[in-house]
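All remarks here apply to the structure that follows.
Any read-out appearing in this document is the output of simple, stated calculations on the displayed coordinates, not a laboratory observation. Bear in mind that the values here come from a model prediction, so they are computed numbers and not experimental data. Glycine gets a Cβ as well: all are built from the backbone with ideal geometry, and neighbour counts include every protein chain shown.
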Amino acid sequence: MERKYDLNPNHPGKLFVISGPSGAGKGTICKRLLEEADIELSVSMTTRAPRNGEIEGVSYFFTDRETFIEKVRAGGFLEYAEVYENYYGTPKEPVIDRLREGIDVILEIDIQGAMKVKENYPDGIFIFILPPSMAELRKRITGRGTETEDAINLRLSKTLSEISYIDKYDYCVVNGVLEEAVSRVKSIITAEHSRVTEDVSALIEKYEEEL
Ligand code: ADP
Ligand code: 5GP
């Protein structure tokens, strides 16, 4: 299969893509994964204004529309999308470098971006995070206190259409009790590293030699 990017399935690292409605807890889960799993998070670029406490180069690379569009033209993104009236994109090089080095990478990106990655890199593992209920979603997104009321309503109004893409994902995790959700995502990572792949034939050859 011809691939648009130099991402390819022979890279030893695995690419995990996490999406879900705003407020479902993607960021919270990813933060825990960084602490507890052997995985790196891709830092996206966005034209959204930084929220209180967000750190340049850690939370996002914050930029203006012009610079963002220049980077799009230069082919610098693995994917990008306009989400809730701002641009967001995954810088290409760092992801490819990590995968080549055998390091697993998480992309925490919206559904449009995830679908673009899937078209070009079906070997990615796609995980959808769901809230336990709409009431809890509203409570979390409001409780986070980072968006205006208009921005919250815009985000909530997109939820049902976002959830309709769930069947394009490989896994879904309901983020009710945080510990359980984190544990499930970690189990998915472990399971994906236990798949039967070409590596198994090398192992079998080794057994044959040892016999
Ligand atoms: P997202 O990245 O999906 O937009 P966040 O990770 O920012 O969502 O979470 C939204 C809010 O919900 C945050 O205030 C976070 O602390 C809280 N939250 C996340 N997961 C849980 C959970 N399992 N139980 C209760 N609150 C949670
Ligand atoms: P937030 O503004 O809450 O940080 O993010 C808004 C949405 O943009 C979330 O659904 C988040 O997953 C998504 N997002 C963050 N970075 C990227 C990215 O690089 N590409 C795409 N397509 N979506 C992103």
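In sequence order, segment 73-83 has phi-based couplings of 5, 7, x, x, 10, 6, 7, 8, 7, 9, 10 Hz under the Karplus curve 6.51 cos²θ - 1.76 cosθ + 1.60, θ = phi - 60°, and Gly or Pro positions carry x. Spin-label pair Gln112-Ala135: with each label point 7 Å from Cα along the Cα-Cβ axis, the two points sit 3.3 nm from one another.
Database remark: amide H of Tyr169 closer than 5 angstrom to no amide H (H placed geometrically; neighbours at sequence offset of 5 or more, or on other chains; Pro and chain starts carry no H). Between the C-alpha center of segment 76-104 and that of segment 22-60 there is a gap of 13 Å. Residues in segment 17-61, backbone N under 15 Å from the label point at Glu101 (7 Å along the Cα-to-beta-carbon vector): list them, ranges by number please. Correct set: 38-43. Most tightly packed first, judged by the mean number of other beta-carbon atoms within 10 Å of their residues, the peptides 48-56, 126-134 read 126-134, 48-56.
Pairs from the table (Lys31/Lys116; Lys71/Lys139; Lys118/Lys139; Lys71/Lys186) lying more than 28 angstrom apart at Cα are Lys71/Lys139; Lys118/Lys139; Lys71/Lys186.
Cβ-to-Cβ counts within 10 Å put Cys172, Cys30 in ascending order as Cys172, Cys30, the fewest first. Less than 5 angstrom separates the built amide H of Glu108 from those of Ile18, Ser42, all sequence-distant by 5 or more or on a different chain. Here the gap between Asp64 and Asp170, fully extended at 0.36 nm per residue and compared with their Cα-Cα distance, gives a gain of 34.8 nm.
In terms of surrounding Cβ atoms within a 10 Å radius of their Cβ, Thr146, Thr90 rank from fewest to most as Thr146, Thr90. Around the amide H of Tyr87, modelled in the peptide plane, lie the amide H atoms of Thr47, Arg48, all under 5 Å away and 5 or more residues distant in sequence or on another chain. Once the Cβ-Cβ distance of Asn86 and Glu208 is raised to the sixth power relative to R0 = 41 Å, the FRET efficiency obtained is 0.15.
Put in line by how crowded their Cβ is, counting other Cβ atoms within 10 Å and starting with the fewest, Glu208, Glu36, Glu147, Glu108 read Glu208, Glu36, Glu147, Glu108.
The helix-based estimate of mean residue ellipticity at 222 nm for the chain, built from -39,500 (n - 2.57) per DSSP H run of four or more residues and divided by its residue count, is -12500 deg cm²/dmol to the nearest 500.
For segment 66-71, 3J(HN,Hα) computed residue by residue from phi via the Karplus equation (6.51, -1.76, 1.60; θ = phi - 60°) reads 4, 5, 4, 5, 4, 5 Hz, glycine and proline entered as x.
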